[in-house]
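The values are calculated or read from the model by the stated rules, or taken from the named source; none is laboratory data. Because the structure is a prediction, the values reported are computed rather than measured. Please note: Cβ atoms are built from the backbone with ideal geometry, for glycine as well, and neighbour counts cover all protein chains shown.
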Amino acid sequence: MTRVEEQQTPVRPPDRGRLSGLDGLRGFAALYVLLHHCWLLSYPGFPANHGPYWTGWLRFGHLAVVFFLVVSGFSLAVGPARAGWRLPGGARVFARRRAWRILPPYWAALAFSLIIAWTIVPQPHSVSPPASTVAVYGLMLQDIVVAPTPNGAFWSIAVEAELYLVFPLLLLLRRRLGGVAVAALATLPVVALGLLVPRVASVSPSDKLSGLTPQLAPLFALGLVGAGLVVARDRIRRLPWQWLAALAAAPVLALVIGAGTAWTVRHYFWIDLALAPAMVMLLVGVTTGRPAALVRLLDTGPVRGLGRFSYSLYLVHVPIVVAVSRTLTRHDLVPRGLPLFLVTLAVAVPLALGFARLFAAVFEIPFQRHRGWPYPSVTRRFPRAVSAHDG
């Protein structure tokens, strides 16, 4: 399809069912985080880049997690946006359904991570998890209370849980004040905090796997606001959102490439905020059918399948990658650097993908398919419900 033909392709009408492309985007984001951790454990010294130049694109796993949070706000808000920004069933039903989808896989992954940390190897830069870790992470308080982490990916789950608490309030504000007001109310206080308290803006999640990350709240809120564009008038929906996303992202990506990894990691606070509009516009473009080639790729069976267990992959991949990498280096089986990276990829990636899919079949898929107890035995087919990492 030529560019002219693609631009002339009619924008699909609002879809009352699954939003095309979102599962695939989640799947690619989770896969990127997996590859990032394989790279990270093969080349010590992050944020300095000690790997070959062609692996440089794997340095920014944090941005994929940021994208997850934008997708969460976006996908959760599409249904309320179609209903006049009202939450079907109310806040209590929403909270119960979120807990039902998110907590069982999370707690199972916590148990798995603790077993790996206690019996094989703890997380890098951490100790064998004490009882405080079990309490803090079991109650999902790691964004507030610092404790040795059993799994480096868990920091963002606590952030999501906190954002769920304010989601009904954001919908109320959107209904009464409008999208611009919600974006401003969520963003301006965080920007002011970053300017007035520079220390807050200079500490990145790579330096602390627990502790507040205030810049992530506006990202979730901007995703919520962007959901309104999916159900807007055709004139709005027909805008070239994919090109607007590229234009918004280009200067930020140029800055990241020019300044380097170390600078970018120290300034994730501002980079996250700067990239959020581009991420939202990409989501609007994909869910309205553009660019067509990307949407077709995202809607292929394997990519959708990856997306449907992306939450499980995100939850369990880190202990697997750590165990594989540490086993290879502890016994000097593979030289550090590129050989370690390639062998870690060859072993950890298929192992993590296979385990995550089985894990999802037991701890994630049943809770997507059934809204409460009792539910039948796990089936072999994936449901058509939205992935648990939609929020």
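So, in the stretch 34-73, of the ones that are crowded, with 24+ Cβ neighbours inside 10 Å and among the small types (Gly, Ala, Ser), which residue ends up nearest to residue 219 (Cα to Cα)? Applying the filter and picking the extreme gives 73.
Filtered by the rule that a residue be among the aromatic types (Phe, Trp, Tyr) and within 30 Å of residue 36 (Cβ to Cβ), the stretch 65-93 gives 67, 68, 74.
Name every residue in the stretch 51-74 that is over 20 Å from the mean Cα position of the chain (by Cα) and either closer than 15 Å to residue 164 by Cα or among the polar types (S, T, N, Q) (or both), in order of residue number. Result: 55, single match. When residue 110 is tested against (1) at pLDDT below 95; (2) part of a helix (DSSP H, G or I), just one condition goes unmet, and that condition is (1).
Of the residues making up the stretch 320-368, those that are of a type outside the set (A, V, I, L, M, F, W, C), closer than 28 Å to residue 45 by Cβ and either at pLDDT 95 or above or not in a helix (DSSP H, G or I) (or both) are 331, 332, 335, 336, 337, 344, 350. Taking residue 198, is it farther than 27 Å from residue 106 by Cα and at pLDDT below 90? In short, yes. You will find that of 95, 77, the residue that is surrounded by 21 or more Cβ atoms within 10 Å (Cβ to Cβ) and within 17 Å of residue 165 (Cα to Cα) is 77 and no other. Considering only residues in the stretch 43-73 that are in a helix (DSSP H, G or I) and touching a Pro at 6+ places or on another chain (Cβ under 9 Å), the one that is nearest to residue 325 (Cα to Cα) turns out to be 62. One residue alone among 275, 283, 294, 239 is without any contact (Cβ under 8 Å) to a residue 60 or more places away in the chain and either hydrophobic (A, V, I, L, M, F, W, C) or in a loop (DSSP other than H, G, I, E, B) (or both), and that residue is 239.
The rows are residues; the columns are (1) modelled with pLDDT of 95 or more; (2) farther than 25 Å from residue 20 by Cα.
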{"site": "234", "(1), (2)": "no, no"}
{"site": "237", "(1), (2)": "no, no"}
{"site": "246", "(1), (2)": "yes, no"}
{"site": "252", "(1), (2)": "yes, yes"}
{"site": "257", "(1), (2)": "no, yes"}
{"site": "287", "(1), (2)": "no, no"}
{"site": "301", "(1), (2)": "no, no"}
{"site": "313", "(1), (2)": "yes, no"}
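Each row is one residue, and each column tells you yes or no for (1) assigned to a helix (DSSP H, G or I); (2) more than 29 Å from residue 218 (Cβ to Cβ); (3) at pLDDT 95 or above; (4) touching a Gly at 6+ places or on another chain (Cβ under 8 Å).
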position	(1), (2), (3), (4)
105	yes, no, yes, no
128	no, yes, no, no
142	no, no, no, no
174	yes, no, yes, yes
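May I ask you to list the residues in the stretch 73-105 that are under 24 Å from residue 179 (Cβ atoms) and either among the aromatic types (Phe, Trp, Tyr) or in contact with a Ser or Thr (Cβ under 6 Å, 6 or more places away or on another chain) (or both)? If the condition is that a residue be under 24 Å from residue 179 (Cβ atoms) and either among the aromatic types (Phe, Trp, Tyr) or in contact with a Ser or Thr (Cβ under 6 Å, 6 or more places away or on another chain) (or both), then 74, 85, 94 are the ones that fit. Among the numbered conditions (1) part of a loop (DSSP other than H, G, I, E, B); (2) more than 28 Å from residue 330 (Cα to Cα), the only one that residue 121 does not meet is (2). With respect to the conditions (1) surrounded by fewer than 18 Cβ atoms within 10 Å (Cβ to Cβ); (2) free of Cβ contacts under 8 Å to residues at least 40 places away in the same chain, residue 328 falls short on a single one, namely (1).
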